[in-house]
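Read through the structure below, which is laid out as structure tokens, and then see the notes.
The values are calculated or read from the model by the stated rules, or taken from the named source; none is laboratory data. The structure presented is a predicted model; accordingly, all values stated were derived computationally and were not measured. A quick note on method: Cβ atoms are made from the backbone with ideal geometry, for glycine too, and the neighbour counts reach across all protein chains shown.
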Amino acid sequence: MKDDKHLFGILFLVLVFDVWLYVSIISFYFSPDLRVYFLSVGQGDATLLVTPDGKRFLIDGGPGKRTASELGNVLPPWARRIDAILVTHPQSDHFAGFIDVLRTYRVGYVFGNGDENDTQTFGVFKKTLREQGLNPVVLHTGVTLDISWMHMLVLSPKNDAEVKNAKDKNDSGIVARVEFAGKSFLFTADVPKEILKRIPQEFLAVDILKVPHHGSKTGLDEELMGMIKPKVSVIEVGKNNYGHPKKEILNILIAHTEQLFRTDQERAMVTITPGGKIAVDAQ
Ligand SMILES: [Zn+2]
């Protein structure tokens, strides 16, 4: 009788665990929302987009090992796949963290602007891509990517020549607009405001802005914020010697956006429901 009780207890626990596991899997894979995680990875950019059917798209890889561990924090423990990664420009605070991501997860596609860097770290990144049989696909203005119900439009750089002739690697970073359920995001890499201002306003105006260049003075001004008019702004920044984010930029953001988040203080998650409702959670 005592053994029966034990057996019943164990079966009950197994059942509870199974139900928990099924609910976790179902809610993770079949959440109808788009989830966008602005990860806390130190001084650099790394944003994970998860579509309603569970496709994972990582825009920039951050400066180092913290990206892979942040992915571990927001993805379920059994996750081993990132469907696509995008390198906005080859500077270490945007690509170096991809090296560990590529060693931890199976990556499906790599997108970039075609630019390279002669640093040792970029060499390791390229070697890691080669070892995994991955060839970056180059994106320019006008290219669209549709991942499940998420639509992405590339707004800069214009072409190969612009990337090749850029005086500064920041100038030719990929700027992209992402849309889902009538709501929009602007991913701005580290591009200067002059580059952003040549984009037609119909594409610049968005609900959620990834603040350009970690809140540097080069990326934003009042005029540009008046064109973008975001409800939510996120500064991807960490401990740094550049004084990012600059006080002037913080003041402009505070004046022109309803909600402001910065990843040196917390990881921000933006959720868009199929009905176009925006919710932001920071932790
Ligand atoms: Zn940067």
Could you please find all residues in segment 180-196 being assigned to a strand (DSSP E or B) and of a type in the set (D, E, K, R)?
LYS183
For LEU204: the one exception among (1) within 24 Å of PRO245 (Cβ to Cβ); (2) within 16 Å of the ligand (Cβ to nearest atom):
(2)
Segment 46-91 - residue that is among the polar types (S, T, N, Q) and crowded, with 19+ Cβ neighbours inside 10 Å and, of those, farthest from ILE208 (Cα to Cα):
GLN91
Here are the criteria: (1) within 16 Å of the ligand (Cβ to nearest atom); (2) part of a strand (DSSP E or B); (3) in contact with a helix residue (DSSP H, G or I) (Cβ under 6 Å, 6 or more places away or on another chain). Tell me which single one ARG177 does not satisfy.
(1)
Just the residues that are of a type in the set (D, E, K, R) and either surrounded by 15 or more Cβ atoms within 10 Å (Cβ to Cβ) or in a helix (DSSP H, G or I) (or both), please, taken from segment 232-269.
GLU236, LYS246, LYS247, GLU248, ARG262, ASP264, ARG267
Exactly one of these conditions fails for LYS169: (1) basic (Lys, Arg); (2) touching an Asp or Glu at 6+ places or on another chain (Cβ under 8 Å); (3) within 23 Å of GLY226 (Cα to Cα). Give me its number.
(3)
Report, by residue number, each residue of segment 144-165 that is outside any strand (DSSP E or B) and modelled with pLDDT of 95 or more.
PRO157, LYS158, ASN159, ASP160, ALA161, GLU162, VAL163, LYS164, ASN165
For segment 270-277, does any single residue satisfy the condition of being free of Cβ contacts under 8 Å to residues at least 60 places away in the same chain, within 20 Å of LEU34 (Cα to Cα) and loosely packed, with under 15 Cβ neighbours inside 10 Å?
yes
